[in-house]
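One structure is given here, and the rest of the page talks about it.
The values are calculated or read from the model by the stated rules, or taken from the named source; none is laboratory data. What you see is a predicted model, and the numbers here were worked out from it, not measured in a lab. Cβ atoms come from the backbone with ideal geometry, glycine included; neighbour counts cover every protein chain shown. The accessibility values were calculated without ligands, DNA or RNA, using every heavy atom of the protein model including side chains. Shrake-Rupley method; radii C 1.70, N 1.55, O 1.52, S 1.80 Å.
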Amino acid sequence: MPKGRPNTMNNYGVLLHELGLDEPLVTPLRERFLQPLMALLYPDCGGGWLDSHRAFVVKYAPGQDRELGCHYDNAELTLNVALGKAFTGGALYFGDLFQAPSTLAKPLEVEHVVAQGILHRGGQLHGARPLGAGERWNLVVWLRASAVRNHLCPMCCRKPDLVDDEGFGDGFTREEPPTVDVCALT
């Protein structure tokens, strides 16, 4: 069975598309629940035009990945849900947007609670403090909007040169997606 790394920073976890869970689980979650919610909460950064994703589960444990350094995601928006198990420490911290960084003198810290999720902009600088004890598993869904990223790559802040790929690739498309009528969602 193929085994890709969840991302370039985590060593332990699994990509949900490798388990065949994109179409039956993650795509309906994005289309039916996350896109309407994000259209209301984040209309200015592609919330209404989410048309692809990258979903993975990461594991934090002693002797493995225990923390995650400050970074930003390859996504317009991110959902991060603590799935379990029992753990201490490992608070998430948030700073400014990477496009307009300032010194992370006092980042906002948020304790991750099992069965609760955190929504944030993909370009927001963030990380995870060291895990104290136990194991923490997180579901992370990078939500992508080709209507945004086709004009400005979120990683390099330049207009992308598009290359054909299968599946969602990195969320770029050659066609513009239809717009969403936010008023129809309420």
Which value, in debye to the nearest 20, gives the size of the charge dipole of region 1-100 about its Cα centre, when Lys and Arg are +1 and Asp and Glu are -1 at the Cβ? 420 debye
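Fully extended, how many nm does the chain gain between ASP161 and VAL114 (0.36 nm per residue separation, minus their Cα-Cα distance)?
Details: separation 47, 0.36 × 47 = 16.92 nm, distance 4.01 nm.
Contour length minus the Cα-Cα distance gives 12.9 nm.
Let me have the relative contact order for region 25-158, percent, based on Cα pairs under 8 Å that are six or more residues apart. Numbers along the way, then the final one.
On the way: 297 pairs, mean separation 49.2, N = 134.
Computed over region 25-158, the figure is 37 percent.
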Once neighbouring chains are kept in place and the probe is 1.4 Å, which whole percent of the accessible area of region 1-130 is contributed by carbon and sulfur? 58 percent
Counting other C-beta atoms within 10 Å, and keeping those with at most 15, which DSSP coil trypsin sites (Lys or Arg not before Pro) do you find in region 1-100? LYS3, LYS85
I need the calculated FRET efficiency for the pair HIS151 and ALA61, taking r as the beta carbon distance and R₀ as 45 Å, to the nearest 0.05. 0.65
Report the relative contact order of region 79-158, percent, no decimals, based on alpha-carbon pairs under 8 angstrom and at least 6 residues apart. 45 percent
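Can you give the accessible area per residue of region 9-67, in Å², using a 1.4 Å probe?
Values: 2810 Å² over 59 residues.
On a per-residue basis, 48 Å².
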Which one, TRP49, LEU34, GLY13, projects farthest toward the positive side of the charge dipole computed for region 13-67 from Cβ point charges (K/R +1, D/E -1)? GLY13
